[in-house]
Amino acid sequence: MTLNLSNADARRVFLAKQGLSRPRGALSKAGLLELIETIGFVQVDSISTVERAHHHILFARNPTYKRAHLTALLEKDGALFEHWTHDAAIIPTAFYPYWKHRFARATQTLADRWRSWHENGFETYVDHVLERVRTEGRLMARDFEQDPVAGKRPPGGWWNWHPEKTALEYHWRTGALAIAGREGFQKVYDLTARVIPARHLDAEVSAEAFVDWACTSALERLGFATSGEIAAFWDLVSPEEAKAWVAAQGDRLEPVLVEGVEGKPRASHAFAGSAAIFDSLPPPPARLRVLSPFDPLLRDRARAERLFGFSYRIEVFVPAEKRVYGYYVFPLLEGDRMVGRIDMKADRKAGTLDVRRLWLEPGVRASQGRLDALDAELARLGRFAGVERTVYLDGWRGE
């Protein structure tokens, strides 16, 4: 029997699964860990136009979020670790055994790729960097600036592309090193065995269990999905592996037709008996929220456009003259609708959050109530980012 999911219900389910419908009570350190486990991961990005992505993503879900709790979970408790999903991310360490399969898959691929890029000498220097970390302890890329081996590197090829950083990243991506902390957002590397708790480091899962977990846990966090969306969630398994997993599930899954914002249904999959679970999920709060450009709600741009009718692209790497909106523009979520986007920047010297431009989606009115709600949200976000007041620059309404 096929489950039919209306567009309104599909948005409600996805928002709840992505942690955006949670109650606003005070968020403890344990609650923060549970929130990240619910979402699955939190993307890390260095851009701090207002606030760095990982902090903003968590703040959007609970404005009582404390950065110190995240640091403690990462650097003291060993409950979270940094690694790769589709991009750099903060991940529950309980998931680490599954990432060991990612390391194994990446080792040969990266070695072959980087060897072709960087010419001769690659392995020698990579081994040297690992030995320094093993003997000296935690190091950053800058700790290799006066390295005697680095000083002897020949010109050309890989050696012109920051070899210390490259070697550290190679060992991180393939599991020999882990990120022990950050200083000024610069990664601090150490041997994985000195960062990841032994109970997670030593745990082993079979290849079959790895694929099953990657697909099961992805579908749990998406609610409903195609096999391609399942594969893309963690970026741990291939689309072919996810498709084979779906085909092998039998009665564990049920078909679902998900109505898009334009009324067109899309065939997807959900766990059997999902109707009752979906019905129990709460609606999101009606308040207006500013999301990070890297919010997991929008990571799959095509899915977001189908469900919310919201076409969104990050234009950081688009030449200024070709940008449609701006360098780093923030999406606006109101209830279960994406209602617009805003271009703004924190000026920490002046203590202001400078709003350059607001765009509302077609059919969304710039009512006084909505603008007041936006002003209140910007005040909250500004305080979180460490600025005192919001300044609306000339032309911010596009008039």
Notebook entry, point to check: With Cβ to Cβ distances under 15 Å as the rule, what net charge do the other residues near Ala286 carry (K, R +1; D, E -1)?
Noted result: +4
Notebook entry, point to check: Mind checking the dipole of segment 283-364: about its Cα centre, +1 per Lys or Arg Cβ, -1 per Asp or Glu Cβ, Debye to the nearest 20?
Noted result: 140 debye
Item checked: Relative contact order [Cα under 8 Å, 6+ residues apart], the chain, whole percent -> 18 percent
Note to self: So with the 1.4 Å probe, I'd like the accessible area per residue for the chain, rounded to whole Å².
What the structure shows: 45 Å²
Next item on the list: Express in nm, to one decimal, how much length is gained between Thr38 and Ala111 on full extension, taking 0.36 nm for each residue of separation and deducting their alpha carbon distance.
Entry: 22.9 nm
Check: What residue among Ala247, Phe59, Leu257 has its Cα farthest toward the positive end of the dipole of the chain, where the charges are +1 on Lys, Arg and -1 on Asp, Glu, each on the Cβ?
Finding: Phe59
Notebook entry, point to check: Ordering Tyr312, Tyr327 by how much accessible area each has at a 1.4 Å probe, largest first, what is the list?
Noted result: Tyr327, Tyr312
Check: Considering the dipole of the chain built from charges on the beta carbon (Lys and Arg +1, Asp and Glu -1) around the Cα centre, which of His69, Ile342, Ala193 is farthest to its positive end?
Finding: Ile342
Checklist line | From the C-alpha gyration tensor of segment 183-340, square roots of 5λ in Å | finding: 29, 27, 16
Check: Near Lys66, which aspartates and glutamates are there with a Cα under 20 Å away, not counting those fewer than 8 places off in the same chain?
Finding: Glu34, Glu37, Asp45, Glu51, Glu75, Asp77, Glu82, Glu183, Asp295, Glu377, Glu388
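Report the net charge of residues surrounding Gly263, where surrounding means a beta-carbon distance below 15 angstrom and charges are Lys +1, Arg +1, Asp -1, Glu -1.
Neighbourhood net charge equals 0.
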Checklist line | segment 39-101, relative contact order in percent, only Cα pairs under 8 angstrom and at least six apart counted | finding: 34 percent
Next item on the list: Provide Arg252, Arg194, Arg22, Arg370 ordered by accessible surface of protein heavy atoms (probe 1.4 Å), highest first.
Entry: Arg194, Arg252, Arg22, Arg370
Notebook entry, point to check: Out of residues 5 or more away from Glu334 or on other chains, whose amide H comes under 5 Å of its own, with H placed 1.01 Å from N in the peptide plane?
Noted result: Arg289, Val339
Item checked: Estimated distance in nm for a label pair at Arg252 and Glu183, the labels positioned 7 Å out from Cα along Cα-to-Cβ -> 4.6 nm
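Sequence gap at least 6, Cα distance under 8 Å: using those rules, report the relative contact order of segment 244-340 to the nearest whole percent.
25 percent
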Next item on the list: Taking only the C-alpha atoms, wrap a convex hull around segment 153-256 and report its volume per residue in Å³ as a whole number.
Entry: 167 Å³
Notebook entry, point to check: Per residue, how much space in cubic angstrom lies within the convex hull of the C-alpha atoms of the chain?
Noted result: 168 Å³
Item checked: Pairwise centroid distance, computed over Cα atoms, of segment 179-224 with segment 337-399, Å -> 37 Å
Item checked: Inter-part distance where segment 87-104 and segment 226-256 are each reduced to a Cα centre, Å -> 19 Å
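Using +1 on the beta carbon of Lys and Arg, -1 on that of Asp and Glu, and nothing else charged, what's the dipole of the chain about the Cα centre, debye to 20?
920 debye
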Check: Fully extended, how many nm does the chain gain between Lys322 and Arg348 (0.36 nm per residue separation, minus their Cα-Cα distance)?
Finding: 6.6 nm
Notebook entry, point to check: Tell me, what % of the accessible area of segment 7-71 is carbon and sulfur with a 1.4 angstrom probe?
Noted result: 52 percent
Check: Among residues other than Ala248 whose Cβ falls under 13 Å from its Cβ, what is the net charge (Lys/Arg +1, Asp/Glu -1)?
Finding: -3
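The values are calculated or read from the model by the stated rules, or taken from the named source; none is laboratory data. Owing to the predicted nature of the structure, the values given are computational and were not obtained by experimental measurement. Here the Cβ is made from the backbone with ideal geometry for all residues, glycine too, and neighbour counts use every protein chain on show. Only protein heavy atoms, including side chains, enter the accessible area calculation; ligands, DNA and RNA are left aside. Shrake-Rupley method; radii C 1.70, N 1.55, O 1.52, S 1.80 Å.
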